[in-house]
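The values are calculated or read from the model by the stated rules, or taken from the named source; none is laboratory data. These figures come from a predicted structure and were not determined experimentally. In this analysis, Cβ positions are derived from the backbone assuming ideal geometry, glycine residues included, and neighbour counts consider all displayed protein chains. For accessibility, only protein heavy atoms count, side chains too; no ligands or nucleic acids. Shrake-Rupley method; radii C 1.70, N 1.55, O 1.52, S 1.80 Å.
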Amino acid sequence: MNAKKADKIATGVLYAIAGVITLILASLILYILGRGLPHISWSFLTTPSKSFQAGGGIGIQLFNSFYLLIITMLISIPISLGAGIYLSEYAKKNFFTNAIRTAIEVLSSLPSVVVGLFGFLIFVIQAGLGFSIISGALALTFFNLPLLTRNVEESLKAVHYTQREAGLALGLSRWETVTRVVIPEALPGILTGVILGAGRIFGEAAALIYTAGQSAPALDFTNWNPLSISSPLNIFRQAETLAVHIWKINSEGNMPDGPQVSAGASAVLIIAVLLFNFLARFLGKKLHKKITSA
């Protein structure tokens, strides 16, 4: 067998593997959407869920998912941005930085259920926060920090060193070079990672079962007092998210129309995650084109 035939065979095998993986993923997505889309309506997306009777929706769970996502990102983005800048621009190669990177790798490999149990012991019990949005957000911060930190670090390292030298040659300090030259150049990659991390958080269930709770109390959307138990802005209330709701429906079986609600909620979850991924790609390309004038 000559080199050209070997190359064609290897290329064909790689294309076949890629095609099989794509086919499996597309089949799974189409199956979930095919079962769930017929059950999605405006009423389904806005009305509260019901137990022991049919006709419930996912309104509160959907709001809880987005609200918990916002709180989590408000906590995790500044921490990961600072950690990524330090590791990329300031950290020297020594035992301390190697230990930090090792800790990041270990944390990123932990199963989400372990992160949930950690959050349950530390935030729910020891800190006395109980099952609440803030407990879930703090647990998801630990879950999401390794991904975001590594993304920020790699995005900053991808900026060519001549950009830094040009900033320093113009009289900028090291911090000014990072904030005015390096970060704007790396912004498309950072933003892409943030949006992909948001999609990962939105679909998380295991960590939230033990931290944010498995119930969705009735909310009064006219009450904007963040200290009121019925206020949607209260971060100390329990908050069953959409992913936890799907797990709960299938595990308890106390809804007459449970399979239909589960299928509709799963389709909404898949659509939301797909939108996060498409938005990441679109904004990344848009920002890169704007910044580089390519």
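Quick one: 3J(HN,Hα) in Hz for the stretch 91-104, Karplus 6.51/-1.76/1.60 with θ = phi - 60°, rounded, Gly and Pro as x.
Rounded to whole hertz, the list is 5, 8, 6, 8, 4, 5, 5, 5, 5, 4, 5, 5, 5, 5.
Mind putting a number on the dipole of the chain about its Cα centre? Charges go on the C-beta only, +1 for Lys and Arg and -1 for Asp and Glu, and I need it in Debye to the nearest 20.
920 debye
Going by average Cβ neighbours within 10 Å, how do the peptides 199-205, 164-170, 240-246 rank, with the highest at the top?
240-246, 199-205, 164-170
From the helices alone, meaning DSSP H stretches of at least four residues, give me the mean residue ellipticity at 222 nm for the chain, per-run term -39500 (n - 2.57), in deg cm²/dmol to the nearest 500.
Dividing the helical sum by the residues of the chain leaves -22000 deg cm²/dmol.
How big is the equivalent ellipsoid of the stretch 65-148 along its three axes, where each semi-axis is √(5λ) from the Cα gyration tensor, reported in whole Å from largest to smallest?
26, 15, 10
Based on the Cα coordinates of the stretch 218-278, what is the per residue volume of their convex hull in Å³?
It comes to 120 Å³ per residue, whole-number rounded.
Rounded, prolate or oblate: which one fits the chain, using the alpha carbon gyration tensor with axes a ≥ b ≥ c (rounded when a/c is under 1.5, else prolate when a/b beats b/c, else oblate)?
It is oblate, given that a/c is not under 1.5 and a/b is not larger than b/c.
Roughly speaking, to the nearest percent, how much of the stretch 39-291's 1.4 Å accessible area is carbon and sulfur?
68 percent
Could you point to the residue in 217, 247, 116 farthest towards the positive end of the stretch 39-291's charge dipole, with +1 and -1 charges on the Cβ of Lys/Arg and Asp/Glu respectively?
Highest projection toward the positive end goes to 116.
Each residue of the stretch 67-74 in turn: what ³J(HN,Hα) in whole Hz from Karplus with 6.51, -1.76, 1.60 and θ = phi - 60°, glycine and Pro shown as x?
5, 5, 4, 4, 4, 4, 5, 5
Return the Rg/Rh ratio of the stretch 23-73 with Cα-based radii and a Kirkwood Rh.
Ratio value, two decimals: 1.10.
Enter the Cα centre distance for the pair the stretch 247-293 and the stretch 16-44, rounded to the nearest angstrom.
Cα centres, the stretch 247-293 to the stretch 16-44: 11 Å.
Work through the residues other than residue 143 whose Cβ is under 15 Å from its Cβ and net out their charges, Lys, Arg +1 and Asp, Glu -1.
0
Using mean Cβ contacts within 10 Å as the protection proxy, how do 276-286, 93-103 order, highest first?
Highest mean packing first, the order is 276-286, 93-103.
Going by the alpha-carbon gyration tensor, a ≥ b ≥ c the square roots of its eigenvalues, is the stretch 198-244 rounded (a/c under 1.5) or, if a/c is not under 1.5, prolate (a/b greater than b/c) versus oblate?
Since a/c reaches 1.5 and a/b is larger than b/c, the shape of the stretch 198-244 is classed as prolate.
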